[in-house]
1. Given labels modelled 7 Å from the Cα in the Cβ direction, how far is it in nm from HIS41 to THR15?
2. In whole Hz, with x marking every Gly and Pro, tabulate ³J(HN,Hα) for segment 42-47 from phi via Karplus 6.51 cos²θ - 1.76 cosθ + 1.60, θ = phi - 60°.
3. In debye, nearest 20, what is the charge dipole magnitude of segment 2-87 about its Cα centre with +1 on Lys and Arg Cβ and -1 on Asp and Glu Cβ, if you could check?
4. Please compute the net charge surrounding ASP73, taking Lys and Arg as +1 and Asp and Glu as -1 over other residues with Cβ under 15 Å from its Cβ.
5. Give the cross-link partners of LYS32 among the lysines, using a straight C-alpha distance below 28 Å as the criterion and excluding same-chain residues fewer than 8 apart.
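Laboratory data are not the source of any read-out in this text; all were calculated from the coordinates shown. Not measured: the values here are computed from a predicted model. Neighbour counts run over all protein chains shown; Cβ positions are idealised from the backbone, glycine included.
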Amino acid sequence: MGDFNFPYINWEHQTSNQPTDHPSQVFLASYKDWYFHQHVHNPTQYRPHQKANILDLVTTNEKHMIDDIHVLDPIAKSDHVVLNWKFVCYCSQPRKRVKK
């Protein structure tokens, strides 16, 4: 997760309207090669007189690893929102061995 700062990426369609050598296109190509899932679907950065963007991403290699993403108000004068989510992970249960 983090602020990836790629305002030219349309995350709904996973496309960029920039030339093929632009950093957003290079990032998208790698993102698709790694079979990542992007879980943020609402804008995370707002500036006056600018289009709101999804710049802060939560990505995983499995679709159901993130649950309940909430977009909260920014802290202080930040132009980025706060994201809160549940991370669903696997844990192995230790096996109890009974000696018979």
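1. 1.9 nm
2. Working through the residues one at a time gives 10, x, 10, 9, 10, 10 Hz.
3. On the way: 6 positive and 10 negative charges, 32 e Å.
I would put it at about 160 debye.
4. On the way: positive: LYS77; negative: ASP56, ASP79.
Every neighbour counted, the sum reads -1.
5. Cross-link targets: LYS51, LYS63, LYS86.
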